[in-house]
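Report on one structure; see the data block that follows.
The values are calculated or read from the model by the stated rules, or taken from the named source; none is laboratory data. Note that the structure is predicted; figures quoted are calculated from it, not measured. Positions of Cβ are generated from backbone atoms using ideal geometry, with glycine treated the same way; all protein chains shown enter the neighbour counts.
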């Protein structure tokens, strides 16, 4: 069974099918979107289950010639680096689609773009051919442009075009890097595994140039300082479901790209770049959390906290050890779950109050115990509370990086404190203290979370707890590949 | 027996979840489940204690299961039990049990009763996990979890802004210390290659860890203890933590969680003694904390806050003892203090429950109304002050002896603090229970608490009276909790009897003076306060520590605002959008260039071509002979050129 192709093309097929449905049949469209993403989730769940945890080798490989003249293949496969993120992509898309059932504007197009986006993202994570990777990478761009630009907030056009142009700018450099790799390989190839085998032989100078070109594309996606300014804007303007995907998955494409391609293909340049990389990681952590502290808008605060959390990923990567890489890959997953549910939770309150101004609330804890409980749990997970998912990944990132960069790690630990400060301050202002009578007009029934919202958020909350208590749920898949990868880097 | 230790934290964790989810249907809204599990824990701990005393246990005991692996390492879940663990287990389970019983009365009718018991169980679970963990990773996790429970319980009445604020303050202040703990933990890992406590201790013991590295790691870890155990200068959170319900103060902020820092230092004592610098840091932090906190208690009018300052001060004693090499002394005090301080907090809670105020200026003469509360509070006070033969006398005496053996200066801090302690406790006792009612309305309303509250008071009072004497008989405690290792410094020879005698006399005199002043001559303290207003104000402001940390918060807030402005107005608006602007301008320039230069050039080419075409058209006559002429001419020219070059 071509499992990976099914995972990638079920959403794409779903998108096409939606095109064929009259736009007035909203229920059918929603049902189809739900079905497509659910089927994709089931396949991904099966992938998770059938994945062989004992090997570092690529699994579920499919390879067919696509453009033989240029030695371009349709080649897909997963290993420990990608399998968890594939499952996360399917899950977050599914819950976002469920959550987005409250979209009323141009429903048909919305779900068309959404499924197209899902297919593109999944394609990125399973591609083993760099050209195919690039095609999928660009495929995510257009749906995202429309999803922000049409269904977004007040500044949606500006946010969408900024996101689009910025990312495109980065990916053009990435394309240059890809072509440079292609023309410097013998025989010319886009095959990632083959490039890994050959790449180490390139001269340092060439490696550096290629690394920087690829890095520009990846760093904008992560986003690494100073290429992050598109993120708060896009995250805030995007509708809730799309923010979840942006933070949960799109950012990970940058981290994934670096781990999948830049590091193993260009080991000399990687070593050369590390002193800069660790500095950028620390800046992401400290700067991201400090700027988040200045936010008055709930969603913007969560958005900036993503910059901080991606800094932990980069910190783990800078370790260049199995511990740090495990942490970085796990952090991709946990951040997706935690920040994804935070965006959903922010969406819940915004749908009711039509504001995200932190100062506008107060004392909601009395009236909304379930909502408050979920928010507190996810906030605690985000600031790295043990027993919840964020702790293990962040701790491994710190632990890994400490060996090589003890002083940088000591400084980045401050980021934890700042994160705790701004999140707890937010909790205090929004949920604690006396109830703000301004919201008394909302009846209890309107206040409480409905089934659609709970169905979207609860799976993420449960997984946050499961991974926190039983990290092997993810780490067992990741670890063999990581150990192999670190071995490759140190050859 | 020992192989079932792991059940203790697990059971409590499970019960915390069960109460939250199903408490509605359980007897007592789930309180019964919490109490049953705590009672189970206490019985199990007691059995272990008895068996250990009889020599029936092989200690230390260690067992673990793999949890997850990362790279070449493996994280485990496991238990490590030695005498220290058992002593701590008894403290935690006993106080937890009594506090949960007491809370039945104290929290009756609270709308979030169920949640309260769930939090208490979660706290107990985390604290037990911390106590029995066989590795520092899980220790650290439980360390953080107790902090969160503390946050949740301090802010339990979160509608009150001061409670919400206090919870946050406690969390962030302790988190500040935890940064040190985290970095210390990481460096300890790279010193030893493991998180396992037994291995760390073994490696420290055989001298595998270089003293400098051990000292650095120990001091960094100690920063965590400074936060958790409210040592100077991070002690600011504990007084405010009194916003939580009184039983919570008794359990978390007197007996157990705040003692976790002391427990941590004791747990890793083999690492600490590798470095004199680390030991001195611990000792002097303890000494300074003991003194400053006691002095702040002198001017405080909030009954619970007086006890909070007292707790800080006593925790300072414990640190002082550990740093001075008095391992057993510090932990002995941890044990006795847990009982009498929990007692004092619960008794204070009983008072507050009756008069609905924390302010001692609104109390007075309550001994008539609340005899059981009064007697138990009095016994707790005698124990804390160190009047022989109450519990605190034995343990404090050990600490002072250890301090004197290490350094007379440390001893001086300890002795002065002991005098201050006796004084402020006498003051609190008199202001609350003696004299005349200051607020008749509150006084008339006051009543003794129900048996479910006074019962735990009586039990704790009994422990406060006898635990010091009983545990020092036949060296029971010292046999259970001791440390065999070489201290990094020489201890001086001292006369233990003299220390004890002096400590007893100081306690009696100082307490007598305090009682006399506040009972018979209340004008004198008021006069002194007026005369030394500056000092009183300094103590009230907690030596400016709060202001100092608020300043740090303000500075970070400004920094964050500046950075955000930089991000928004420069990085995004100029550096990024500026690019776009430049690109656009450049493209306009290009367009102008296109229109006026390139296009013109193209047009010009066209014109030139057209013109050339018109010219050449003249040659196109259509007559064959003309063309032939051109051909002949061309051929002749080529031929001539060929000959010329040929």
Among the residues of the stretch A:146-203, what is the count of those that are outside any helix (DSSP H, G or I), within 18 Å of residue A:132 (Cβ to Cβ) and free of Cβ contacts under 8 Å to residues at least 40 places away in the same chain? 1
Test for residue B:527: is it modelled with pLDDT of 85 or more and either assigned to a helix (DSSP H, G or I) or surrounded by 15 or more Cβ atoms within 10 Å (Cβ to Cβ) (or both): no
Of the candidates B:539, B:559, B:610, the one satisfying the condition of being in a helix (DSSP H, G or I) and out of contact with any helix residue (DSSP H, G or I) (no Cβ under 8 Å at 6 or more places or on another chain) is B:610
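Conditions (1) in a helix (DSSP H, G or I); (2) more than 16 Å from residue A:171 (Cβ to Cβ); (3) within 14 Å of chain B (Cβ to nearest Cβ), marked per residue:
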residue: A:223; (1), (2), (3): no, no, yes
residue: A:236; (1), (2), (3): yes, yes, yes
residue: A:247; (1), (2), (3): yes, yes, no
residue: A:256; (1), (2), (3): yes, no, no
residue: A:275; (1), (2), (3): yes, yes, no
residue: A:284; (1), (2), (3): yes, yes, yes
residue: A:287; (1), (2), (3): yes, yes, yes
The one condition in (1) farther than 12 Å from residue A:167 by Cβ; (2) in contact (Cβ under 8 Å) with a residue 12 or more places away in the chain; (3) part of a helix (DSSP H, G or I) that residue A:219 fails to fulfil: (1)
Going through (1) within 13 Å of residue B:310 (Cα to Cα); (2) buried (at least 24 other Cβ atoms within 10 Å of the Cβ) one by one, residue B:419 fails only at (2)
If you take just the helices (runs of 4 or more DSSP H) that sit entirely in the stretch B:180-257, which of them hold at least 2 residues that are buried (at least 24 other Cβ atoms within 10 Å of the Cβ), within 13 Å of chain A (Cβ to nearest Cβ) and at pLDDT 90 or above? B:211-228
Kindly indicate whether residue A:427 is at the interface with another protein chain (Cβ under 9 Å from one of its Cβ atoms), part of a helix (DSSP H, G or I) and closer than 30 Å to residue A:355 by Cα. yes
Scan the stretch B:138-149 for residues that are within 8 Å of chain A (Cβ to nearest Cβ) and within 24 Å of residue B:233 (Cβ to Cβ) and report the count. 3
If residue B:121 satisfies every condition in (1) farther than 17 Å from residue B:251 by Cα; (2) in contact (Cβ under 8 Å) with a residue 24 or more places away in the chain; (3) out of contact with any strand residue (DSSP E or B) (no Cβ under 9 Å at 6 or more places or on another chain) but one, which is the exception? (1)
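This table checks each residue for (1) closer than 26 Å to residue A:90 by Cβ; (2) more than 14 Å from chain B (Cβ to nearest Cβ).
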{"residue": "A:165", "(1), (2)": "no, no"}
{"residue": "A:182", "(1), (2)": "no, yes"}
{"residue": "A:190", "(1), (2)": "yes, yes"}
{"residue": "A:209", "(1), (2)": "no, yes"}
So, residue A:123, is that one more than 19 Å from residue A:77 (Cβ to Cβ) and touching a helix residue (DSSP H, G or I) at 6+ places or on another chain (Cβ under 9 Å) or not? no
Out of the residues in the stretch A:309-326 that are over 18 Å from residue A:251 (Cα atoms) and in a helix (DSSP H, G or I), state the one that is nearest to the other protein chains (Cβ to nearest Cβ). A:322
Residue in the stretch A:399-419 that is nearest to residue A:324 (Cα to Cα), counting only those that are more than 9 Å from chain B (Cβ to nearest Cβ) and surrounded by fewer than 17 Cβ atoms within 10 Å (Cβ to Cβ): A:404
Taking interchain pairs and intrachain pairs at least six residues apart, which have beta carbon atoms under 6 angstrom, with the first residue in the stretch A:365-390 and part of a loop (DSSP other than H, G, I, E, B) and the second modelled with pLDDT under 90? A:368/A:447
Could you say whether any residue in the stretch B:76-99 is within 13 Å of chain A (Cβ to nearest Cβ) and touching a strand residue (DSSP E or B) at 6+ places or on another chain (Cβ under 8 Å)? yes
Can you tell me which residues in the stretch A:467-489 are more than 16 Å from residue A:78 (Cα to Cα), more than 9 Å from chain B (Cβ to nearest Cβ) and touching a residue at least 60 places away in the same chain (Cβ under 8 Å)? A:467, A:468, A:469, A:488, A:489
Filtering the stretch A:352-373 down to residues that are under 16 Å from residue A:235 (Cα atoms) and surrounded by fewer than 19 Cβ atoms within 10 Å (Cβ to Cβ), which residue is nearest to the other protein chains (Cβ to nearest Cβ)? A:357
I want to confirm something. Restricting to the stretch B:150-167 and keeping residues that are crowded, with 24+ Cβ neighbours inside 10 Å and assigned to a helix (DSSP H, G or I), which single residue is nearest to the other protein chains (Cβ to nearest Cβ)? B:164
Out of (1) touching a helix residue (DSSP H, G or I) at 6+ places or on another chain (Cβ under 6 Å); (2) assigned to a loop (DSSP other than H, G, I, E, B); (3) facing chain B (nearest Cβ under 10 Å), the odd one out for residue A:449 is which? (3)
Restricting the stretch B:114-137 to residues that are over 18 Å from the mean Cα position of the chain (by Cα) and more than 12 Å from chain A (Cβ to nearest Cβ), the one nearest to residue A:395 (Cα to Cα) turns out to be B:135
